[in-house]
Amino acid sequence: MRRIIIRRLVQIIPLIFAVIVMNFVLIHLAPGSLFDVMTSEQQITDPAMLDQLRHTYGVDQPVTVQLAKYIWSVMRLDLGYSYRQNAPVFDVIMQQLPATLILMLAAIGIALLVGVTAGVMASIKVNTIWDNLISLGAVFFFAAPSFWLGIMMTVMFAVKLGWFPVGGMRTIGVDESAIGAVLDVMHHLVLPATALGLFYAATFARVMRASMLEVARLDFVRTARAKGLSGGRVVLAHVMRNAMLPIVTLLGLQLGTMLGGSVVIEAVFSWPGIGSLLFDSVMSRNFPMVLGVLILGSLLVAVCNATVDLLYLRLDPRIKAR
Amino acid sequence: MIMGSTAGPTPILSIENLQVSLFTRRGVLPAVDGLSLTVSAGETLAIVGESGCGKSLTALAIMRLLPNPPAKIVGGAVRFMGRDLAALSEREMQRVRGKDISMIFQDPMTSLNPVVAVGDQLIEAIRRHNEVSRHEARDRAVELLRRVRIPDAERRLNDYPHQMSGGMSQRVMIAMAIACGPKLLIADEPTTALDVTIQAQIIELMKELQSSSDMGLIIITHDLGVVAEVADRVAVMYAGRKVEEAPVEALFERPLHRYTRGLLGATPSAQRRRGSRLVEITGNVPALSDLPQGCAFQNRCPDVFDRCRAERPQLASLLPHRSAACFAAEKELSRDAAAIGA
């Protein structure tokens, strides 16, 4: 078990390396640079001054040297300095990351809860009106773009009904106790997490339904019923347990897209996560920050994937820990 | 009519005129048609017949585990210790399953849940019908695994099904089936998926468990070797109907129905002379959707005559303790009787 954990973690290193190189190249292919934005904002026009600044920031060196220097500093866990926030990139990201993690976890929770429940319901009531309604709902939430869903939910539940705040993560200017603060964040979290989660819930519901129907036909389900177990117990302890395996696989695959999806949702709900940070940074060509977010993002996804693999190992004893 | 052929006292199970139909796109097919059977405590009844003759559906109908759709009990009664199982609610039936009547299946490798340790599957069965703590149930599970001769039972409890051989898995299935001391055990082709040497061990184990507990046993098989080994009484089924029933020795000595004769002729045995051919039954079983008028076996029967094509033979008590639904057998027996009388 320990060996497999170590091996999975070691596999992350070349992955991160590839992420750095690819993104570095991409960024340098894009028009405009941090240097251009900075100098034009400060209206620096003196050529001698520009040359000196170029030298200070190292942009006068060849791209390959810049890349090598960047990789060297990342290896020393230094993601560089952000001149816009006037703080180390790592510190800025760490400040924003918890908000994104909270949003992602809540969205995963909602996706699993809603998706699995809907899938199980549809499989139990297969080919009835309930099954059809659930399938219809799944198709709807799968097809609807999450930003549109987010805006519609804001209009409905925040503007018209006033149940939830329109955006943000905390109520400004209210000094609350710890519990009050947690409740406040949860209150702000409901709409963005639902908007992000329902898309994934739709896929989970479809996969779970198919998986449940497939497992329900297997011999050991008949054995479980022959033992005299109740219908509910058969479904929960025997059918669902096996039908969850594809869901776990899917979850691992979708964690990456979920981080991407959260960028959009964070923009819609002005959620102060790394999504909005990334968006701002791309707009201002704040490349050290963009690279930093991408590296930490891929690290997060890689670690989550490794965790899912390990979870799979626990869920299915037929997979040997080699 | 039900045959009064039970050797023992009142039967624990008596099936009366059971009708199971398959509701398919091609119409309603009579998969089990008017079947009557009895089993007494300590008795072993073998149900024999080829694939699709309705023997497995009969077993699932007793347990009320028919795959629905398409199969459904449409008539008759399944009396178990005085209660009609066909009329019980699902909840009441759950208390019968695994406690009073247990069942083991054809393929032990797929009959156990692959992601649950076998011990937990056993404990689940024990705790479903007994008010015991987890700890007590665990002790009982170890005891059960020992009873079915699984070596190193305590450690095996934590194993998963994929770590066990077919024979071991079937032993676990048997342990699970006898966990609550059932009065009746139904074994649906329990040895078909196993190696021959393992088959013998499993049959031996089932006989032993039965004799020590006095439970009734229904064994469903197409293996006449198994029948000869364990059965007290044999019911032969063909195309959804019982065509012959007899005590085991009598059946092997003188099969009455022409189908039974065909089956015995098609069975390899050690006594058979070398070089002699196995006799096959020519032709195919008629489709349930396309049963002929008269006897269902007419197109394959060597002794078929006009009456078989016109009229469906009913089960008749042709000899003491045995019955058959065959006009050819009736004719033959009456000829014998006339010969003796003359």
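The values are calculated or read from the model by the stated rules, or taken from the named source; none is laboratory data. Treat the numbers as computed from the prediction; the structure is a model and nothing was measured. Every residue, glycine among them, receives a Cβ derived from its backbone with ideal geometry; neighbour counts consider all protein chains shown.
Observations
- The set of residues in region B:168-206 that are part of a helix (DSSP H, G or I), surrounded by fewer than 20 Cβ atoms within 10 Å (Cβ to Cβ), within 21 Å of the chain's Cα centre (by Cα) and not aliphatic (A, V, I, L, M) comprises B:Gln201, B:Glu204.
- Residue that is nearest to B:Val96 (Cα to Cα), among those in region B:117-160 that are among the polar types (S, T, N, Q) and within 11 Å of chain A (Cβ to nearest Cβ): B:Gln121
- Every residue from region A:121-170 that is more than 25 Å from A:Ile265 (Cα to Cα) and surrounded by fewer than 20 Cβ atoms within 10 Å (Cβ to Cβ): A:Met121, A:Ile124, A:Lys125, A:Val126, A:Asn127, A:Thr128, A:Ile129, A:Trp130, A:Asp131, A:Asn132, A:Leu133
- When residues of region B:87-116 are limited to those that are in contact (Cβ under 8 Å) with a residue 40 or more places away in the chain and more than 8 Å from every other protein chain (Cβ to nearest Cβ), the one farthest from the chain's Cα centre (by Cα): B:Met109
- Test: A:Leu299 is within 14 Å of another protein chain (Cβ to nearest Cβ) and surrounded by fewer than 18 Cβ atoms within 10 Å (Cβ to Cβ): no
- Taking the criterion of being in a loop (DSSP other than H, G, I, E, B) and out of contact with any helix residue (DSSP H, G or I) (no Cβ under 8 Å at 6 or more places or on another chain), the residues of region A:76-127 that qualify are A:Arg76, A:Asn86, A:Asn127.
- For region B:308-325, filtering for residues that are in contact with a helix residue (DSSP H, G or I) (Cβ under 6 Å, 6 or more places away or on another chain) and either under 15 Å from B:Ala239 (Cβ atoms) or surrounded by fewer than 15 Cβ atoms within 10 Å (Cβ to Cβ) (or both) leaves 2.
- Qualifying residue in region A:137-146 (condition: more than 30 Å from B:Arg91 (Cβ to Cβ) and outside any helix (DSSP H, G or I)): yes
- Residue check for A:Ala68: part of a helix (DSSP H, G or I), loosely packed, with under 11 Cβ neighbours inside 10 Å and among the small types (Gly, Ala, Ser): no
- As a summary of the residue check, B:Arg83 satisfies the conditions (1) without any contact (Cβ under 8 Å) to a residue 40 or more places away in the chain; (2) within 11 Å of chain A (Cβ to nearest Cβ) except for the one numbered (2).
- Evaluation of B:Met164 against (1) away from chain A (no Cβ under 14 Å); (2) crowded, with 18+ Cβ neighbours inside 10 Å; (3) over 22 Å from B:Glu245 (Cβ atoms); (4) without any contact (Cβ under 8 Å) to a residue 60 or more places away in the chain (one fails), failing number: (1)
- Scanning region A:176-232 for residues that are within 14 Å of chain B (Cβ to nearest Cβ), assigned to a helix (DSSP H, G or I) and among the hydrophobic types (A, V, I, L, M, F, W, C) yields a total of 7.
- Inspection of region A:135-149 finds a residue satisfying the criterion of being among the hydrophobic types (A, V, I, L, M, F, W, C), more than 25 Å from the chain's Cα centre (by Cα) and farther than 27 Å from A:Pro165 by Cβ.
- Test: A:Ala267 is modelled with pLDDT of 90 or more and either part of a helix (DSSP H, G or I) or away from chain B (no Cβ under 14 Å) (or both): no
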